[in-house]
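Peer 1: The following block contains the structure, expressed as structure tokens.
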Amino acid sequence: MTRCIKHAAVFCALLLLALLVNITRVQLVQAQRYDDSTANRRQVIARYGQPRGAILVGDRPVTGSTDTGEQLRYERSYKNGPLYAPVTGFASQVYGTTFLEHAEDGILSGTDPLLSPFPLWNDVTRARNPAGEVVTTIDPAAQLAAYEGLDGRKGAVAAVEPSTGRILALVSAPSYDPSVLSGNGRSVERSWRRLNGDPDKPMLNRAVRQTYPPGSTFKVVTAAAALDSGVITDLDEPTRSPDPYRLPGTSTRLTNEGDGCADVSLREAFTWSCNTVFAKLGVDVGVADLAATADGFGFNDSELRIPFSVARSTFDRHVDKAQLALSAIGQYNTRATPLQMAMVAAAVAGGGQVPAPYLVERTTTGHGTTVKTSGVRERFRAMHPATAVRMRELMRDVVERGTGRNAAIPGAVVGGKTGTAQHGIGNSGTPYAWFISWAQGERDIEPTVAVAVVVEDASADRTDISGGGTAAPIARAVMEAVLGGEREDERELEKGVRGTDPRPTVRP
């Protein structure tokens, strides 16, 4: 009898050991597979069981959460959704996340280990931290000025701070309201089909995910390459450029919109955007040096993230001389995002240094404690500082007496470059209107904003499209918004200095 009891006890112990081994295997070895299984809704229910963290613009939330009382309890909500959609993206219970909602999902959903003082304990207990918040670099006044400037026309605006790379505005039009995709009802599916079927592509982020031929705005890169390489040593010397210019190895003759471009100086050619001069300059500089300068500005970089990915702007190295001539005036295979062209303007404004652009200033806990900051950003050299000084001079001439006079701001120093980019079969499409610029306020020691604007309007008369007439006023409005905001900050500072109570304010 005793022997039978011993055998039964050993058998029970073996069963218990097998059970413990199986539990360990399920909870540790196979846990991730069960968590990721589409049949397991616990993760989804937990994800939407608490409010999602806010995305902040100017220290004010532009996103929120709505309590539906359903199993997937909280749906994402958006304030001024179409205005900030290119920044926030959407967070949908059906279709996932995009842009900042995707790149910062760990912080916003509360799953990022940085939000927990004891991350290993959370792994064991499977507890979820309260959601954190994402503070953006966007200037709300600049964002609104860009959005209202486009006024529903297809196009995009990007603005950056030259000294840091902070993105001050990121607008794409036409836009959409991300809140229509937040829930999981039938209306969400209908909205998804409608938005994806819209020929105007409102969900396309044209500021960072669409590339365009940059047209004459690329002449900033070509001029910088010519000055850096020594092909041009004097801004006011004749360039020995014929008008029209025959593309090397072909019978095709390149012309200009106006007269007076034959043999003009680089200064005059830049001010009045002479295609013939810059096409010849591109050939004189050569593909290797021109491509190296383009790379220095950020072209052909496939790894740029802000923190979400940016489409690669391209300058083709494998071209013959005729193709190189067209590439030098921003045509042929040359393509750029508006953000890339804002970086070009920022490089001129920043003394030849290209700032790495970024959109997130810092991430915090739900109580405002900083979790992570942007830190020191890497900068790249696009041109020699002496070249940047001369490029500033050329861009100022464009605004003060050339094709970009619509961008002038009283009391500020403004530099710019217009562009009208051809596209379509046989250049039959309505040209894209470009303008890139930078501005320096009267009290600033250096430029504080660089802007790129592109307008594509298929319904417009071809003759009505021009960078100076269509895009420059939008750039001016954005620059005025940034400079005006700085003046407001100065007034607030002066008010504080002149106040009667010298005691410092203590914040809890």
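The values are calculated or read from the model by the stated rules, or taken from the named source; none is laboratory data. On a predicted model such as this, the values are computed, not experimentally measured, just so you know. Note: ideal-geometry Cβ built from the backbone for every residue, glycine included; neighbour counts use all protein chains shown. Please note that ligands, DNA and RNA were not included when accessible areas were found on the heavy atoms of the full protein model with its side chains. Shrake-Rupley method; radii C 1.70, N 1.55, O 1.52, S 1.80 Å.
Peer 1: Exactly one of (1) of a type in the set (A, V, I, L, M, F, W, C); (2) in contact with a strand residue (DSSP E or B) (Cβ under 6 Å, 6 or more places away or on another chain); (3) at pLDDT below 85 is unmet by Ala9. Its number?
Peer 2: Ala9 satisfies all of (1) of a type in the set (A, V, I, L, M, F, W, C); (2) in contact with a strand residue (DSSP E or B) (Cβ under 6 Å, 6 or more places away or on another chain); (3) at pLDDT below 85 except (2).
Peer 1: Can you tell me how many residues in segment 136-191 are assigned to a loop (DSSP other than H, G, I, E, B) and at negative phi?
Peer 2: Taking segment 136-191 as the starting set, the residues that turn out to be assigned to a loop (DSSP other than H, G, I, E, B) are 137-139, 151-154, 161-165, 174-177, 182-185.
Pick out the ones that are also at negative phi and you get 137-139, 153-154, 161-164, 174-177, 182-185.
Count: 17.
Peer 1: Specify which of the listed residues (Val277, Val188) is more than 30 Å from Gly89 (Cβ to Cβ) and either touching a residue at least 60 places away in the same chain (Cβ under 8 Å) or touching a helix residue (DSSP H, G or I) at 6+ places or on another chain (Cβ under 7 Å) (or both).
Peer 2: Details: Val188 fails: more than 30 Å from Gly89 (Cβ to Cβ).
That would be Val277, the only listed residue that is more than 30 Å from Gly89 (Cβ to Cβ) and either touching a residue at least 60 places away in the same chain (Cβ under 8 Å) or touching a helix residue (DSSP H, G or I) at 6+ places or on another chain (Cβ under 7 Å) (or both).
Peer 1: Within segment 190-203, is there a residue that is surrounded by fewer than 20 Cβ atoms within 10 Å (Cβ to Cβ), closer than 22 Å to Arg312 by Cβ and modelled with pLDDT of 95 or more?
Peer 2: Taking every residue of segment 190-203 in turn, at least one turns out to be surrounded by fewer than 20 Cβ atoms within 10 Å (Cβ to Cβ), closer than 22 Å to Arg312 by Cβ and modelled with pLDDT of 95 or more.
Let's see how each residue does on (1) of a type outside the set (Gly, Ala, Ser); (2) open to solvent by less than 30 Å² (accessible area, probe 1.4 Å); (3) under 20 Å from the mean Cα position of the chain (by Cα):
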| residue | (1), (2), (3) |
| --- | --- |
| Pro307 | yes, no, yes |
| Asp316 | yes, no, no |
| Asn333 | yes, no, no |
| Met343 | yes, yes, yes |
| Tyr358 | yes, yes, yes |
| Arg377 | yes, no, yes |
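Peer 1: If you don't mind, another one. Cβ contacts < 8 Å: first residue among the aliphatic types (A, V, I, L, M), restricted to segment 305-323; second residue part of a strand (DSSP E or B), any location; separation 6+ or different chain. Result?
Peer 2: If the second residue must be part of a strand (DSSP E or B), the pairs left are Ile306/Ile167; Ile306/Tyr358.
Peer 1: Moving on. Within segment 57-77, take every residue that is hydrophobic (A, V, I, L, M, F, W, C) and crowded, with 19+ Cβ neighbours inside 10 Å and give me the one that is farthest from the chain's Cα centre (by Cα).
Peer 2: Taking segment 57-77 and keeping what is hydrophobic (A, V, I, L, M, F, W, C), we get 57, 62, 72.
Next cut, crowded, with 19+ Cβ neighbours inside 10 Å only: 57, 62.
Numbers: Val57: 15, Val62: 18 Å.
So the residue we want is Val62.
Peer 1: Pairs needed: first member in segment 369-381, closer than 16 Å to Ile306 by Cβ and touching a residue at least 40 places away in the same chain (Cβ under 8 Å); second member anywhere, small (Gly, Ala, Ser) and surrounded by 12 or more Cβ atoms within 10 Å (Cβ to Cβ); C-beta distance under 7 Å; at least 6 residues apart or different chains.
Peer 2: Every condition considered, the pairs that remain are Arg377/Gly165; Arg377/Ala356; Arg379/Ala356; Phe380/Gly296.
Peer 1: Related question: Restricted to segment 78-109, and to residues that are of a type in the set (Ser, Thr, Tyr) and farther than 18 Å from Val157 by Cα, which residue is most open to solvent (accessible area, probe 1.4 Å)? Spell out how you get there, then give the answer.
Peer 2: To start, the set of residues in segment 78-109 that are of a type in the set (Ser, Thr, Tyr) comprises 78, 84, 88, 92, 95, 97-98, 109.
Checking the rest, the ones that are also farther than 18 Å from Val157 by Cα come to 78, 92, 95, 97-98, 109.
Working: Tyr78: 33, Ser92: 3, Tyr95: 70, Thr97: 34, Thr98: 36, Ser109: 5 Å².
Restricting to residues being of a type in the set (Ser, Thr, Tyr) and farther than 18 Å from Val157 by Cα, the top hit is Tyr95.
Peer 1: While we're here: Could you grab me the full set of residues in segment 207-234 that are open to solvent by less than 10 Å² (accessible area, probe 1.4 Å) and in a loop (DSSP other than H, G, I, E, B)?
Peer 2: The answer is Ala207, Val208, Pro213, Pro214.
Peer 1: With the structure loaded, tell me whether Thr387 is touching a residue at least 40 places away in the same chain (Cβ under 8 Å) and open to solvent by less than 10 Å² (accessible area, probe 1.4 Å) or whether it fails that test. Spell out how you get there, then give the answer.
Peer 2: On the way: touching a residue at least 40 places away in the same chain (Cβ under 8 Å): yes; open to solvent by less than 10 Å² (accessible area, probe 1.4 Å): yes.
Judged against the criteria, Thr387 is a match.
Peer 1: Touching a Gly at 6+ places or on another chain (Cβ under 8 Å) and assigned to a loop (DSSP other than H, G, I, E, B) - does that describe any residue in segment 346-364?
Peer 2: So far as segment 346-364 goes, yes, one or more of its residues are touching a Gly at 6+ places or on another chain (Cβ under 8 Å) and assigned to a loop (DSSP other than H, G, I, E, B).
Peer 1: To continue, here is another question. Using the structure shown, decide if Ile409 is in a loop (DSSP other than H, G, I, E, B), in contact with a Lys or Arg (Cβ under 9 Å, 6 or more places away or on another chain) and at pLDDT 95 or above. Steps first, answer last, please.
Peer 2: Numbers: in a loop (DSSP other than H, G, I, E, B): yes; in contact with a Lys or Arg (Cβ under 9 Å, 6 or more places away or on another chain): yes; at pLDDT 95 or above: yes.
Criteria met by Ile409.
Peer 1: Scan segment 259-305 for residues that are of a type in the set (D, E, K, R), farther than 17 Å from Glu237 by Cβ and either open to solvent by less than 20 Å² (accessible area, probe 1.4 Å) or assigned to a helix (DSSP H, G or I) (or both) and jot them down. Full working, then the answer.
Peer 2: Keep residues of segment 259-305 that are of a type in the set (D, E, K, R), which gives 259, 263, 267-268, 280, 284, 289, 295, 301, 303, 305.
Next, from what is left, pick out any that are farther than 17 Å from Glu237 by Cβ: 259, 289, 295, 301, 303, 305.
Within segment 259-305, Asp289, Asp295 meet the criteria.
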